[in-house]
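A short worksheet on the structure shown next.
The values are calculated or read from the model by the stated rules, or taken from the named source; none is laboratory data. Since the model is a prediction, treat every value here as computed from it, not as a measurement. Here the Cβ is made from the backbone with ideal geometry for all residues, glycine too, and neighbour counts use every protein chain on show.
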Amino acid sequence: MESELLLRKVTTLQACVRGFLVRRRFQRLRAEYESIVQEIEGALGTLQWSAGWIPRPQFLPK
């Protein structure tokens, strides 16, 4: 019984760490994408991120 509780706690900890690492990776990817757009377009005024679990970039008309 005690080993099952420990296993469940370790699994929960691993899931939390994986989630943290994925969110941090998405933040880096978003920053890199915005940097590339800013280099090409000169500004981020036309870039908007969609809502949802995985935001997607959308370009607004000028």
Taking only pairs six or more apart or across chains, which ones have beta-carbon atoms under 8 Å, a first residue in segment 50-61 that is farther than 16 Å from Val22 by Cα and free of Cβ contacts under 8 Å to residues at least 12 places away in the same chain, and a second residue that is of a type in the set (Lys, Arg) and exposed (fewer than 10 other Cβ atoms within 10 Å of the Cβ)? Ser50/Arg56
How many residues does segment 24-54 contain that are surrounded by 11 or more Cβ atoms within 10 Å (Cβ to Cβ) and within 8 Å of the chain's Cα centre (by Cα)? 2
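One line per residue, one yes/no per condition, for (1) at pLDDT 85 or above; (2) assigned to a helix (DSSP H, G or I):
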residue	(1), (2)
Val22	yes, yes
Glu32	yes, yes
Ile36	yes, yes
Ile40	yes, yes
Gly45	no, no
Gln48	yes, no
Ile54	no, no
